[in-house]
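Engineer: Submitted below is the structure of interest, expressed as C-alpha cells.
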Amino acid sequence: MFAEVLRLLLVVDLSVRTAVLAGVLEGMWVSFSGTPQPTDEPIVAPPRGSTLISTLVEISVDQLMKRRPFHYRIGDDQLSMRGTVMSASLSQAPRRKRGRPTEAERIRRRDEILDAAVRLFVAGGFGQVSLDDVAATAHVAKRTIYSYFGDRTEMFVAAVERLRHRTLGPAGDEDDTLTGLATKIVSALHSDEAIGLHRLMVTEAHAFPDLAERFYRDGPESYIRALGERLPEPDPDLARALFTLLLGEPHRQRLLGLRAEPTRAEARGHAIAALTQLGLGVLLMDVGDVSGILKG
C-alpha cells in the first residue's frame, strides 16, 4: 500500500512531498497540489521540464494504515489507485479548510467530537470506548482530541458541562426567572442526551467512582445551586426538594424508556406543577400559567 503513496508522489512537486509524508504519519486525509489524471491509465511521472497543473489531491491515509483499498481524491471526485473516478459519496471524512481554524470552527469541531463521544459512550459503555473510536467517528486525528480534552474522562465531563451551560445559560437573560430556569432544567434533563448520560453513569459508577463524583458535582449539584440562587430566600433544602420534583416520576420513566422526551409545553407544565407543590408557583407565574393549572 505504501508503494501507492510513493507512486502518487511522483506527480507532485518536491516542495509538497514532506507535507504528504507527515500526513501519512498522522493517519489523516492529506491535501496537496499535483497532476494525477482521472483515467483508467496508470499514473506516470510527467516529462522532465513539463509544467505541473495545480490540482487539489487528497490521500486517504487512514485507509492505507488499516490496509483497506487505497484511494485518493481530486476536487470532489474520489479516485481508485489507478485513477478511475469513483463516487464522491465514498469519502471517509468531510473536507476541512486549510489554515488555522477560527474560534467558531473550533467550537463546532469540539461539539462534533463531543457528539460522537456521547453516541459511542451511550451505545457501548464508557469503559469500552477508546479515543481511537471517537477519532474515527468524529473524523479527526487522535491528537486533535488530546488538544481539546486530554483524555476520555475529561471528554465525558465536558459533555456534562456542555449540557449544563446550555441549560443554565448566561445570567440575566430573558428567561432568568425561577419558572424559566425550572422549565429549562426539565427540558434538558429529560432530553435524550441527558437520559443517555444518566443511564451510562448509573451503569459505570461502581467502576469509575471519581467520574461519578464529578458527574454529580458538575450536573445535579450545579442545578440545585442555580435553583437556590433564584429562590426568594436562601434555602438549600427547598432547592434540593425542587430539583427532585423537576425530575420526579417522569424522569424515572424516561430512564426506563417508558416515556418520550417532553415538548417545551410539557416541560413548562411539569415545572409549574413542581413550583406550585412547594408553594412557589403562584408567586412567580403569570396569569396564563395559573389559568392552565386551574383548568388541569
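Engineer: Can you give the log10 of the normalised intensity I(q)/I(0) at q = 0.23, 0.30 Å⁻¹, computed with Debye over equal Cα scatterers of segment 172-223?
Structural biologist: Once normalised to I(0) and log-transformed, intensities are -0.88, -1.13.
Engineer: Subtract the Cα-Cα distance of Ala265 and Glu105 from 0.36 nm times their separation in residues, and report this length gain in nm to one decimal. Mind dumping the intermediate values first?
Structural biologist: Values: separation 160, 0.36 × 160 = 57.60 nm, distance 3.31 nm.
Result for the pair: 54.3 nm of gain on full extension.
Engineer: Further, regarding this structure: Could you work out how much longer the chain between Arg240 and Arg217 gets when fully extended? Use 0.36 nm per residue separation minus the Cα distance between them, nm to one decimal.
Structural biologist: On the way: separation 23, 0.36 × 23 = 8.28 nm, distance 1.36 nm.
Extra length available between Arg240 and Arg217 comes to 6.9 nm.
Engineer: Okay, next question. Taking the alpha-carbon centroid of each part, what is the distance from segment 187-262 to segment 123-156 in angstrom?
Structural biologist: Centre-to-centre (Cα) distance: 24 Å.
Engineer: How much accessible surface area, in Å² rounded to 10, belongs to the heavy atoms of Asp176 with a 1.4 Å probe?
Structural biologist: Roughly 50 Å² of Asp176 is accessible to a 1.4 Å probe.
Engineer: Using only the C-alpha atoms of segment 106-205, find the volume of their convex hull and express it per residue in Å³. Working shown, then result.
Structural biologist: Values: hull volume 10.4 nm³, N = 100.
In segment 106-205, the Cα hull volume divided by residue count equals 104 Å³.
The values are calculated or read from the model by the stated rules, or taken from the named source; none is laboratory data. Keep in mind that what you see is a predicted model, and the values were worked out from it rather than measured. Each accessible area value is taken on the protein alone, full model and side chains, heavy atoms only, with ligands, DNA and RNA left out. Shrake-Rupley method; radii C 1.70, N 1.55, O 1.52, S 1.80 Å.
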